[in-house]
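A quick write-up on the structure given underneath.
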Amino acid sequence: MAIGSTIPFTAIPWDDILFVGLAGTLLASGLAVVLMRDIIRCGLAMMVCFGALAGLYVLAGAPVVAAAEVLVYIGAISVLVLFAIMLTQTKSAPSRLAFQTQAGAAAVAAVVLLVVILLAVGSTTWLAGPDRGDTKTQDVATALFSTFVLPFEVVGVLLLAAVIGGVFLAKRDRSSTDRPE
């Protein structure tokens, strides 16, 4: 028995339900990252947020970007952040964070941004597009290593310089605190 393209007894496509589920998970986990006080749980919620975003990339027809999202953000950045958090002494945030003093101004800015986005979406005439993008890994690799090889190399050198600078600063701070004054 094959599963149809729509939910039985309705005309709702499965893709729409999956999109709503992934978008809801993305929004809920993003709010959890910002609102929770336990920083380790915030890091885990960030990983869920990245996973839902990767699912949205798959739905949009970009499996290469989804794989990069999983490998780079979930596999490297989130794990690095969680290890850095676990190696520090404090695991929970103070009762009054510094950015919480700007909550009123942030709420006003968020409402203004929401109104601008809704006005832009409402005044745009949306053309019908293709159902799903068609991205081939070979095309992405060819473009990355031929057309965009210079920016790719520049980003690699920039990341290497950032790592070397971070190691240098960490060693310099540690050695300056070890010496008596």
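At a glance:
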quantity: Protein accessible area in segment 19-69, 1.4 Å probe - carbon and sulfur %; calculated: 81
quantity: Share of alpha-carbon pairs per 10 Å distance bin for segment 5-47, given as whole %; calculated: 29, 32, 20, 16, 3
quantity: With DNA, RNA and ligands ignored, accessible area of Asp16 (1.4 Å probe; Å², nearest 10); calculated: 80
quantity: Sites Ala23 and Ala161, calculated FRET efficiency, Cβ-Cβ separation with R0 41 Å, nearest 0.05; calculated: 0.65
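The values are calculated or read from the model by the stated rules, or taken from the named source; none is laboratory data. Note that the coordinates shown come from a computational prediction; the quantities given were computed from them, not determined experimentally. Here Cβ is always computed from backbone atoms with ideal geometry, including for glycine, and neighbour counts include all displayed protein chains. The protein model used for the area step is the full one, side chains on, heavy atoms only, and it has no ligands, DNA or RNA in it. Shrake-Rupley method; radii C 1.70, N 1.55, O 1.52, S 1.80 Å.
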